[in-house]
Amino acid sequence: MEAPQLQTEREGDAGVAPEPLLIARNITKSFGHVQALSNAYIDVRAGEIVALVGDNGAGKSTLIKVLSGAHRHDAGEILVRGQSVSINNPNDAFDLGIATVYQDLALLPSRDVVANLYVGRELTNNGILDRRKMTEEANRVVRQLRTNLPSVHTPVRFLSGGQRQAVAIARVVHFGAEILLLDEPTAALGVKEAHEMLTLIEHLKEQDKGIIVVSHNLAHVFRICDRITVLRHGQTVGTLIKEETDSTEVVRMITGADLL
Amino acid sequence: MAVSSDKVKPLDDKPDAESRLRRLLSQREVQLLLVLVVFTVLVRAGGAQGFLGPTHFPIFLSQVAPDMLVVIPMAMLLIGGMFDLSVTGVANLSVVLVGWTFSRLLGTMDDTLLIILVVAIGLTAGLIVGAINGLAVTRLRMNPLMTTLATWWMAQGAATGVAGGESRHNFVGSFRDIARFQPLRDLGETFPFLQEMRISTLPMPVFYAAIVIFLGWLVLNRTRFGWHIYATGSDRRGAALNGVNVNRITLIGFIATGLAAAMCGIVWASRLTSAPPNTLGGLELRVIAAAVIGGAALTGGEGSVLGAVLGLFFMHMIRSATIQLGLPVYWEFFVLGAVLFTAVAFDAWTKRRADTQ
């Protein structure tokens, strides 16, 4: 088992807890009469995995969309690396190093991994594609993520759901994302693939990414995350440290049952 | 990292010989090339000894060349997820405009200037129809099948309308050079082997086709624009989300196809030195079928320039073989249809097999 060992390593320098990469506080967002978020809070540090949990309609997706620039929040403050920022569209988020991997991955099925990694940002040399460099880089990125792929020249169509997700994540990591927002990364996957995806997310943590994972699966949440932020009716009910809680308590907070 | 190390197969840049051979044989271009070789051997064994021999091959190339101008941009359009039925109409309109311009303006200006004007008018017709197709599909979100069927009829109708039931043939003599000039003829006198192999007799359209093939290959495989064509056809929304200007890709694709169809018409007018409005028939299905046989998917995202070239070769080889073997020419379309059916069935079979793996 590697996870506990990692944990002790982290506790070793816990005295100098780093400044959070991202803080979102007092986030409010309504759609017409529907108050989707009121006073939502979440933060994530480099090298940390924070799970965002809550019942359907609790505002998880809305909060992710606010952070990724898909929705503009009505009130509240977002701090990235200590600086107050405004995220008005996905490009702003990209420039700040925030990347979202949605369940629908926006990949190109007939194209290989290299072309998918570089679509829209292809490397050229005097106007001619630098295919060698792109292949080398793709191999490097894929190795770095310890992803299990047959070859970077395999069309994405032939990859499994988990491998496709890995390609989508590799794409945003390669282009400098430091803060990753993963929306239900294991929901569409089988048992083995889900396990591989969780391992991949742990590798991203080792590379000092700040990761927010939206998930319904508490077993997965407890396996990988450091902290758990619970949303209910658009509000952050609380953030729990994994070692100090269990799934019963989390479920109670999600459903709003008596906390004692 | 015991968890992952046994799972991760090394990413091999240098696969072993066997898997390399298997990968090679799984490529459509290689399969098609083998089919063409076997077909040639069978036709020669069946009695047409001269089939694609030194005498036949140069003639064969010059017969394929005008279609080749169109099949390359059509394949690129298919790879980008679109297609264009209007090419026959555009080519015939270009033929008729060439004839009409000559009959009106012959003698009023310098011959060379007139030829340049004629070519410019023909190409402009292709540019306009291509732009209409592209804008209708991207801006008005019209269906490409119905749009290009409509513009096909409009272009064909304009061609017969302008021709007014007659075929013009008072051309400038030197206009023939567009299709008939043999640029290597002088070289053939210096190097007799070029003459023996009949390479020196290759006419201009073969060289136009060679240029179009090279440019198509270069753009598709070696430029960002080419990768964006594949991306657009593979998943239009996914490509757009990643910053690919999908509408620009589609518009340029239709314009290139229109220009190529117009050039095809100009070559035919020059070759026939006559301008009937029904010069070309079935060009659209011939080039679409050739590209599909060559591995282009009607759903987009797949295909290659080499595949389209081989596919068109195959279509024309069937035609030549039918004639050389003395088979009833009326059955040619049956054979072409059967080949297309087989190619599409083979595609569906390989995709099904890959999906169930």
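The values are calculated or read from the model by the stated rules, or taken from the named source; none is laboratory data. Computed from a predicted structure; not experimentally measured. So basically every Cβ, Gly included, is an ideal-geometry build from the backbone, and we count neighbours across all protein chains shown. These accessible areas exclude ligands, DNA and RNA; they are computed on the full protein's heavy atoms, side chains included. Shrake-Rupley method; radii C 1.70, N 1.55, O 1.52, S 1.80 Å.
So here's what we get for this one:
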read-out: Meets criteria (open to solvent by less than 80 Å² (accessible area, probe 1.4 Å), under 15 Å from the mean Cα position of the chain (by Cα), modelled with pLDDT of 95 or more and on the phi < 0 side of the Ramachandran plot) for A:Val66; value: no
read-out: Unmet criterion (only one of (1) surrounded by 18 or more Cβ atoms within 10 Å (Cβ to Cβ); (2) over 15 Å from A:Arg223 (Cβ atoms); (3) assigned by TED's automatic domain parsing to the domain that holds A:Glu48; (4) of a type in the set (A, V, I, L, M, F, W, C)) for A:Val141; value: (3)
read-out: Which listed residue is more than 25 Å from A:Ala24 (Cα to Cα), in contact (Cβ under 8 Å) with a residue 40 or more places away in the chain and among the hydroxyl-bearing types (Ser, Thr, Tyr), from A:Thr255, A:Thr239, A:Thr248, A:Thr147; value: A:Thr147
read-out: In the stretch B:269-300, the residues that are in contact with a strand residue (DSSP E or B) (Cβ under 9 Å, 6 or more places away or on another chain) and either at pLDDT 95 or above or buried (at least 23 other Cβ atoms within 10 Å of the Cβ) (or both); value: B:Ala269, B:Ala275
read-out: Qualifying helices (runs of 4 or more DSSP H) (wholly inside the stretch A:112-183; at least 2 residues being more than 9 Å from chain B (Cβ to nearest Cβ) and either more than 28 Å from B:Lys351 (Cα to Cα) or touching a Pro at 6+ places or on another chain (Cβ under 8 Å) (or both)); value: A:131-144, A:161-174
read-out: Residue in the stretch A:93-101 that is more than 10 Å from chain B (Cβ to nearest Cβ), out of contact with any strand residue (DSSP E or B) (no Cβ under 9 Å at 6 or more places or on another chain), open to solvent by less than 30 Å² (accessible area, probe 1.4 Å) and over 26 Å from B:Gly80 (Cβ atoms) present; value: no
read-out: Leading residue by the ranking (farthest from A:Ser68 (Cα to Cα)) among those in the stretch A:209-235 that are among the polar types (S, T, N, Q) and surrounded by fewer than 23 Cβ atoms within 10 Å (Cβ to Cβ); value: A:Asn217
read-out: Residue that is nearest to the other protein chains (Cβ to nearest Cβ) [pool: residues in the stretch B:301-321 that are open to solvent by 10 Å² or more (accessible area, probe 1.4 Å) and part of a loop (DSSP other than H, G, I, E, B)]; value: B:Glu302
read-out: Meets criteria (within 14 Å of another protein chain (Cβ to nearest Cβ), open to solvent by 50 Å² or more (accessible area, probe 1.4 Å), farther than 30 Å from A:Ala75 by Cβ and at pLDDT 90 or above) for A:Glu206; value: yes
read-out: The stretch B:98-113, residues that are hydroxyl-bearing (Ser, Thr, Tyr) and surrounded by 10 or more Cβ atoms within 10 Å (Cβ to Cβ); value: B:Thr101, B:Ser103, B:Thr112
read-out: Whichever residue in the stretch A:102-120 is in contact (Cβ under 8 Å) with a residue 24 or more places away in the chain and of a type in the set (Gly, Ala, Ser) and, among such residues, is surrounded by the fewest Cβ atoms within 10 Å (Cβ to Cβ); value: A:Ala106
read-out: Number of positions in the stretch B:324-357 that are over 24 Å from B:Ala291 (Cβ atoms) and away from chain A (no Cβ under 14 Å); value: 7
read-out: Scope the stretch A:124-137; condition open to solvent by less than 50 Å² (accessible area, probe 1.4 Å) and touching a strand residue (DSSP E or B) at 6+ places or on another chain (Cβ under 9 Å); matching residues; value: A:Asp130
read-out: Condition met for A:Glu184 (modelled with pLDDT under 90, assigned by TED's automatic domain parsing to the domain that holds A:Leu21 and over 13 Å from the mean Cα position of the chain (by Cα)); value: no
read-out: First in the stretch B:14-40 and open to solvent by 80 Å² or more (accessible area, probe 1.4 Å), second anywhere and at pLDDT 80 or above and of a type in the set (A, V, I, L, M, F, W, C), Cβ under 8 Å, 6 or more apart; value: B:Leu24/B:Val30; B:Leu33/B:Leu310
read-out: Within the stretch B:141-240, helices (runs of 4 or more DSSP H) holding 1 or more residues that are touching a residue at least 40 places away in the same chain (Cβ under 8 Å) and buried (at least 16 other Cβ atoms within 10 Å of the Cβ); value: B:144-163, B:177-180, B:204-222, B:224-234
